[in-house]
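Below: one structure, written as structure tokens.
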Amino acid sequence: MELSGSKILITGGSSGIGKAIALMAIGKGAEVLITGRDGAKLEKVAREIGASFVHADVSKESDIQKTFDWVKENWKNHLDVLINNAGHGYRKKMEDVEWQDFENVFQINVYGAALMAKYATQIFKVANKGNIVNIASTAALKGYAGGTVYSASKFALRGMTQCWQAELRPFNIRVILINPSEVTTAFAQKDRIERPEAAHKLSSKEIAHATLSSLEMDNRGFVPELTIWATNTF
């Protein structure tokens, strides 16, 4: 697809991977709408990078509907790409896992992503084209100690992605899964301050590059799944 002139919706777009994708996409001529839970931060970042914004929490269906109401009003229901980037997670030993942990993480990583895709699909089917990108994790490929809840949510997102690929391919809707390994973002940081970049870890820019490069492939083909690892050079 041609990114210049396209309309891209990114959840969790005020920091980390979401912000990097938004900034790079705008640099390629795309119109970008970002959403996030921290209203003040969201507005500040949107004005810095030249994006539109909707203060919305993907764990709330009313906020998801509000986001697509904005798309209908401001973009005349035209949308080219949905990027499900909003995510939540933490490490917790198996004996300490509680019911609420699953609800906290799955509401964002699974339920929110699914409902965002539901509303986007309604637009895409009318246009007979569109793109959904799910930002997952290498935790969607292999579990790890302390990852019961988070890894389960990313396995679920990977499974949903495969279901959507089978269901939506006949409508020319491309569904792509991106699996980053460790990225120096504010993810799982209690203070929400982004970690400093490290030579042996990925930065958000690599994930943005991988995501947009996948989208830029001609529409006759698509990348079902892409995993990005750091080269671990110290």
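Values as computed for the structure displayed
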item: Given (1) at pLDDT 95 or above; (2) crowded, with 16+ Cβ neighbours inside 10 Å; (3) of a type outside the set (D, E, K, R), index of the condition Trp99 fails; result: (2)
item: Selected residue (criterion: nearest to Ile178 (Cα to Cα)) from residues of region 9-66 that are assigned to a loop (DSSP other than H, G, I, E, B) and of a type in the set (D, E, K, R); result: Lys28
item: Asp38, sole failed condition from (1) surrounded by fewer than 17 Cβ atoms within 10 Å (Cβ to Cβ); (2) under 20 Å from Gln122 (Cβ atoms); result: (2)
item: Residue list for region 1-21, restricted to those being aliphatic (A, V, I, L, M), crowded, with 24+ Cβ neighbours inside 10 Å and under 19 Å from Arg174 (Cα atoms); result: Ile8, Leu9, Ile10, Ile21
item: Those residues of region 98-133 which are among the small types (Gly, Ala, Ser) and under 18 Å from the mean Cα position of the chain (by Cα), in sequence order; result: Gly112, Ala113, Ala114, Ala117, Ala120, Gly130
item: Test: residue in region 18-31 that is of a type in the set (Gly, Ala, Ser) and over 24 Å from Glu216 (Cβ atoms); result: no
item: In region 196-234, residue modelled with the lowest pLDDT [restricted to those that are surrounded by 15 or more Cβ atoms within 10 Å (Cβ to Cβ), within 19 Å of the chain's Cα centre (by Cα) and assigned to a loop (DSSP other than H, G, I, E, B)]; result: Ser203
item: Condition met for Gln165 (out of contact with any Gly (no Cβ under 8 Å at 6 or more places or on another chain), more than 19 Å from Ile64 (Cβ to Cβ), touching a residue at least 12 places away in the same chain (Cβ under 8 Å) and assigned to a helix (DSSP H, G or I)); result: yes
item: Members of region 137-173 that are β-branched (Val, Ile, Thr) and under 27 Å from Gln122 (Cα atoms); result: Thr161, Ile173
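The values are calculated or read from the model by the stated rules, or taken from the named source; none is laboratory data. Computed from a predicted structure; not experimentally measured. With ideal geometry, Cβ positions are generated from the backbone for all residues, glycine too; neighbour counts draw on all protein chains shown.
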